[in-house]
Amino acid sequence: MINTRVRSVNLLFVLIMLIVLYFPASASGLEHLATEAMDTAWWFWPTILFFFCLALGVLAVMAGVGGGVLYVPLVSGFFPFHIDFVRGIGLMVALAGALAAGPGLLRRNLANLRLALPVALIASTCSIMGAILGLYLSSLNPDIIQICLGVTIVGIAVLLVFSKNTEKPVVKKQDAVGLALGLGGTYWDDGARESVEWKTHRTPLGLFMFIIVGLLAGVFGLGAGWANVPVLNLLMGVPLKVSVATSKFLLSITDTSAAWIYMNRGCVIPLIGVPSIVGLMMGSLIGVKILAVAKPKMIRYIVIVVLFFAGLKAIDKGLGLGLLG
Amino acid sequence: MNTQKDQVHKPSRDQIIYANLLILGVWLGIVILVITYFIYVTGILSPHVDMSIIPKLWDKGVTQYLEVTHSPHGWGWLSLLGKGDFLNYIGFTLLALMTIGCYLVLFRGYLRQKDWIFSAIALLEIVVLSLAASGIMGSGSH
């Protein structure tokens, strides 16, 4: 019975992967056919986008990555939208996902507010600067952003391959900044049936790293969970569960500030923004249900491959080579 | 064991208020987005930018898009709320304003606890987010 269920889930997952990889690619292939129809058929790409985002939402939850990090490279690579709109909507997508996850994480006391607040202040301030810089660069030449985005996405994929997060890092001595800010706490480990105390080390360096994380989030319109978790966990010594939860909560703050810059600039077009947000939210809800019986490790590997592909596609598009279609 | 777990896991009052506000705001925002999008695409309210024009412009940069469609930037959409497309901005704005509202709750909580460092951090964050939302920074012109 269980095997049948797992098999069906895996089958469903393969189908989702096909949609994610093939749907936009084939849609790009059909672009010339669609061009004529597009004059009147305004619904063509938004409809594809909705179902694409639905699949992306499922995939993002199952792979444990944010929707924004998949949305921006894939949509900018395979859909006909300008990178300005993709980044603005990408931030709204990441923001909506993070806001929806926030209440659960706060109620279960998994997201640590004391840890999140100083980090969020740095990251959100820098994400504003990043957003302004990103919009300036794309006004000069959008290909600059496309190439840099591609390089960043390939870098994220490499980071996902090589970073080995630590469940409970050992922190022998807390630094002065961490101590002054009271960056520490206790959480309940359900697996080990014990409460785990934690504190941070290398806090100044960790806080400095969030300047870069915030800048990247703003420039490329990416949610920055892929960077938050390694910095919190590997650098600052925060346990993995707390890092992941705090990172998700952090996104709701970092992305808000950058999203405002893009929104005020006019980069959020409702016609493509709403299907993206609603599609990804619905996909995430489906993903949570499927997660119970799926094999997240396999999915994670597939997402890494998708990210590599999306990154190379962005570079290819930025350089105008056309090697990847 | 349960008592120990409960003590460890007990979130603060402000944290609960934050979570409740957030869940209410997010789902309200999503519902508003769905409703306003329906009004937009069904043409119940006519849009400011004709939908048939948008596919010809969404591959252009935002500056060109705003110029051609005579669309406002910043908070200019408020004067176009009667248009189907700009009606959707109510939902976007609600989502983007949630964090500021929640931070006000946190700020009040830290003030009550006389936690001056975190009161200052929360206040600074409110200032940063409000500046971003105001449109003063980087909204540009066309």
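The values are calculated or read from the model by the stated rules, or taken from the named source; none is laboratory data. Remember, it's a predicted structure, so these values are computed and weren't measured experimentally. In this analysis, Cβ positions are derived from the backbone assuming ideal geometry, glycine residues included, and neighbour counts consider all displayed protein chains.
Here is a yes/no grid of residues against (1) farther than 30 Å from residue B:43 by Cβ; (2) at pLDDT 85 or above; (3) surrounded by fewer than 24 Cβ atoms within 10 Å (Cβ to Cβ); (4) of a type in the set (Phe, Trp, Tyr):
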residue	(1), (2), (3), (4)
A:262	no, yes, no, yes
A:269	no, yes, no, no
A:283	no, yes, no, no
A:292	yes, no, yes, no
A:296	yes, no, yes, no
A:311	yes, yes, yes, no
A:314	yes, yes, no, no
Quick count over region B:62-79, residues being within 8 Å of chain A (Cβ to nearest Cβ) and of a type outside the set (Ser, Thr, Tyr), is 6
Checked against (1) facing chain A (nearest Cβ under 7 Å); (2) touching a Leu at 6+ places or on another chain (Cβ under 7 Å), residue B:59 satisfies every condition except (2)
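Here are A:155, A:150, A:102, A:97: which of them is modelled with pLDDT under 95 and surrounded by fewer than 23 Cβ atoms within 10 Å (Cβ to Cβ)? Step through it out loud before you land on a result.
Working: A:150 fails: surrounded by fewer than 23 Cβ atoms within 10 Å (Cβ to Cβ); A:102 fails: surrounded by fewer than 23 Cβ atoms within 10 Å (Cβ to Cβ); A:97 fails: surrounded by fewer than 23 Cβ atoms within 10 Å (Cβ to Cβ).
Exactly one of A:155, A:150, A:102, A:97 is modelled with pLDDT under 95 and surrounded by fewer than 23 Cβ atoms within 10 Å (Cβ to Cβ), namely A:155.
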Selection from region A:94-115 of residues in contact with a Gly (Cβ under 6 Å, 6 or more places away or on another chain) and within 9 Å of chain B (Cβ to nearest Cβ) yields A:114
Open item on the list: surrounded by fewer than 19 Cβ atoms within 10 Å (Cβ to Cβ), at the interface with chain A (Cβ under 7 Å from one of its Cβ atoms), farther than 21 Å from residue A:262 by Cβ and at pLDDT 95 or above: is that true of residue B:8 in this structure?
Closed with: no
Does region B:28-38 include one or more residues that are surrounded by fewer than 19 Cβ atoms within 10 Å (Cβ to Cβ), within 9 Å of chain A (Cβ to nearest Cβ) and farther than 27 Å from residue A:246 by Cβ? yes
